[in-house]
Amino acid sequence: MNTDPEELASILAPVRHVLLDFDGPVCSVFAGFPAADVARRLADLLAGPDGLPPGHGLMDPLAMLRHIADVRPDLVPMADDALARLEVEAVAQARPTEGSVEFLEACAASDRQVWLVSNNATAAMDRYIETYQLKALVAGCFGRVPGRPKSMKPSPELLLAAMRVAHAEPAECIFIGDAIRDVQAAKAAGVLTIGYANKPGKAEALAEAGAVSIVTLMKTLAESWPA
Ligand SMILES: [Mg+2]
């Protein structure tokens, strides 16, 4: 399922600000330091008599942070901080998404600003941008609010924060993400979503969640800015 190029171009025409999810459309954050290993490291760091009760079985570190907020809110500041450091470690081994730099360059060339909006830590995005020298192509990074996992998508909070700083109205923005919670967060912020379906089954799920268009390659988006 790939939207036809003319339709994509018309969706993008009014856009001045691109709100872009990080893990997926920009890179695969946990490609070299797998999410399950990060979750295990986090669990180890928080283990102990006064720590996180074992046996939650979570392999997704962000899901773990949500879980900690539910069962041991007192551990959230420490857990969030530890996870942020692990994410910074992970992005050193992240795999850039094919076409992602071309997309960022195309946004710059057509005078659109890009804001990264992610449940990952801002420090991890900053590190990635620095490593790949993308600073000129990214206007700002909005990661989860430290110590407050509830700020994560599907909450619209991070998108709203990005739009505030961008002085942008929802109608001038598009959100590009690869998860159902991205579509939900954008919907709650009044912004349309283009789904990046990088795995089988995602296209249908993202469309069903309400994405207005679906692409399977970032390159397609890079080539879709109206002249
Ligand atoms: Mg993602």
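Pull out a ≥ b ≥ c, the square roots of the eigenvalues of the alpha-carbon gyration tensor of region 1-77, then state rounded if a/c is under 1.5, prolate if not and a/b is larger than b/c, and oblate in the remaining case.
Details: a/c = 3.77, a/b = 2.66, b/c = 1.42.
In terms of gyration-tensor shape, prolate.
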Put +1 on the Cβ of each Lys and Arg and -1 on the Cβ of each Asp and Glu in the chain; which of I174, M59, W115 then has its Cα farthest toward the positive end of the dipole? M59
Ignoring ligands, DNA and RNA, please state the percent of accessible area on the chain from carbon and sulfur, probe 1.4 Å. 55
Result for the chain: accessible area per residue, probe 1.4 angstrom, in square angstrom, of 46
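With charges only on Cβ, +1 for K and R and -1 for D and E, what is the dipole size of region 35-91 about its Cα centre, in debye, rounded to 20?
Numbers: 5 positive and 10 negative charges, 20 e Å.
Rounded to the nearest 20 debye, it is 100 debye.
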Cα atoms only: what Rg and Dmax, in Å, come out for region 149-227? 12.6, 40
Residue-count net charge about F33 - beta-carbon cut-off 14 Å; Lys, Arg +1, Asp, Glu -1: 0
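With every protein chain kept in the model, how would you rank E208, E102, E172 by accessible area, 1.4 Å probe, largest at the top?
Details: E208 165, E102 100, E172 60 Å².
So the residues, ranked largest to smallest area, are E208, E102, E172.
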Both in Å, the radius of gyration and Dmax of the C-alpha trace of the chain are 17.4, 61
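About the Cα centre of the chain, what is the dipole size in debye to 20, counting +1 per Lys and Arg Cβ and -1 per Asp and Glu Cβ, all else neutral?
400
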Paramagnetic reach from A31 in region 212-227 [backbone N under 18 Å; point 7 Å along Cα→Cβ]: 216-222
Binning at 5 angstrom from zero up to the longest distance, how are the C-alpha pair distances of region 35-91 distributed in percent? 4, 21, 37, 26, 9, 2, 0
Report the paramagnetic label zone for V165: residues of region 103-134 whose backbone N is under 12 Å from a point 7 Å from Cα along the Cα-to-Cβ axis. 114-118, 122-123, 125-126
Run the quick spin-label model on R148 and A47: label points 7 Å from Cα toward the beta carbon, then report their separation in nm to one decimal. 3.3
So how exposed is T216, as accessible area in Å² (1.4 Å probe, rounded to 10)? 50
Stretch gain in nm, segment A9-M78, where the contour uses 0.36 nm per residue and the Cα spacing is subtracted: 20.4 nm
Antiparallel bridges, percent of DSSP beta bridges restricted to the chain (to nearest 5): 10
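Restricting to DSSP H runs of at least four residues, report the calculated mean residue ellipticity at 222 nm for the chain, -39500 (n - 2.57) per run over all residues, nearest 500 deg cm²/dmol. Provide the component values of the computation, followed by the final result.
Values: 10 runs with 100 residues, N = 227.
Using -39500 (n - 2.57) per qualifying helix, the result is -13000 deg cm²/dmol.
The values are calculated or read from the model by the stated rules, or taken from the named source; none is laboratory data. Keep in mind it's a predicted model, so treat the numbers as computed, not measured. Ideal geometry is used to build each Cβ from the backbone, glycine not excepted, and the neighbour counts take in all protein chains shown. Side chains are part of the model used for accessible areas, which takes the heavy atoms of the whole protein and leaves out ligands, DNA and RNA. Shrake-Rupley method; radii C 1.70, N 1.55, O 1.52, S 1.80 Å.
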